[in-house]
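These notes are about the structure you will find just below.
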Amino acid sequence: MVQAFVITLREGLEAFLIVAISLAYLRKTGRTSLTAAVHWGIGLALLVSAAGGYLLFNAANQEWLEGPLALVAAVSVSWMVVHMWRAGRHMKGDIEGRLQTSTTKDGVAAFVGVLLFTVLMIGREGMETALLLMQLRDTLQLVVGAAAGFVGAGIFAYFWSRLGHRINLGLFFQTTAIFLFVFVFQLLIYGVHEMSEQGMVPFAEAVHEATESWGPDSAFGHLLTYLLVLAPLAWLTFKSAFFTRSILVPRMSDRGATMPQGSPAR
């Protein structure tokens, strides 16, 4: 349940930020007529994400696809986290730059450009969420955790809009990135284990035995479960102890990276 909560909290907040930045830019540039394109884009992105999630869920029920899909999820999320940790503070500028390209067009072309941009950005977050959530097996706890995460993302986004100058989004995304790295490591072990069970990797029998001993019920598996909580807390404690001012008040170099202030770096 904790994994589902953190995944939907993080991805949901990113989606909220994308929408907030997009709408603020359209208002700032006097293109409020295009806000409808953002709203339609959100709806289409949700439909695309739901359809993609349905297809992934059915694919995951095929034994021979479980391992490869787990590895795809691990690799794609790892790349995304590393990329956004390094480039996330430019998120606002990147979004505005892409919107500027779309809004310089006239009429229908501008509407379609903003619509497709919104579908791409929000749909990406939705597909990342589906790809990660389908790796969790406990349906009831997954639903409860995911729902709590979405609600938490909405509450976080609301307070960010009210108290943005007091909240360091960079620290939030860094802390959840550490959580995701531990989760990704679990996915790698699971993916390799399932592929070895299907004979998809060299020395499948030896690999299967090795990864079996690293499973969730082993001492190593328990260690990874503890690290899901302890590693992010350790990072948060480290930042609190040595960078006290950055916990609530973003650095000057981060200002302007998002709206109104703060850095949503992963």
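The values are calculated or read from the model by the stated rules, or taken from the named source; none is laboratory data. Since the structure is predicted, the reported quantities are computational estimates derived from the model, not experimental observations. Neighbour counts run over all protein chains shown; Cβ positions are idealised from the backbone, glycine included. Just the protein is used for accessible areas: all its heavy atoms, side chains included, with ligands, DNA and RNA removed. Shrake-Rupley method; radii C 1.70, N 1.55, O 1.52, S 1.80 Å.
3J(HN,Hα) couplings calculated from phi for the stretch 95-111 with the Karplus curve 6.51 cos²θ - 1.76 cosθ + 1.60 (θ = phi - 60°) are, in sequence order, 5, 5, x, 5, 5, 4, 4, 6, 7, 6, 7, 10, x, 4, 4, 5, 4 Hz; Gly and Pro show x. Is the stretch 1-63 rounded, prolate or oblate when judged by the Cα gyration tensor, a ≥ b ≥ c being the square roots of its eigenvalues, rounded requiring a/c under 1.5 and prolate requiring a/b larger than b/c? Here the stretch 1-63 falls in the oblate category. Straight Cα distances below 20 angstrom link Lys105 to the aspartates and glutamates Asp94, Glu96, with same-chain residues fewer than 8 positions distant left out.
Electrostatic tally near Ala37: other residues with Cβ closer than 15 Å to its Cβ, Lys and Arg +1, Asp and Glu -1, net +3.
The heavy atoms of Tyr190 present about 60 square angstrom of accessible area, all protein chains included, probe 1.4 Å. For Gln198, nonlocal amide neighbours, meaning residues 5 or more places apart or on other chains whose placed amide H falls under 5 Å from its own, do not occur.
Separation of the stretch 1-74 and the stretch 204-230, taken as the distance between their Cα centroids, equals 30 angstrom.
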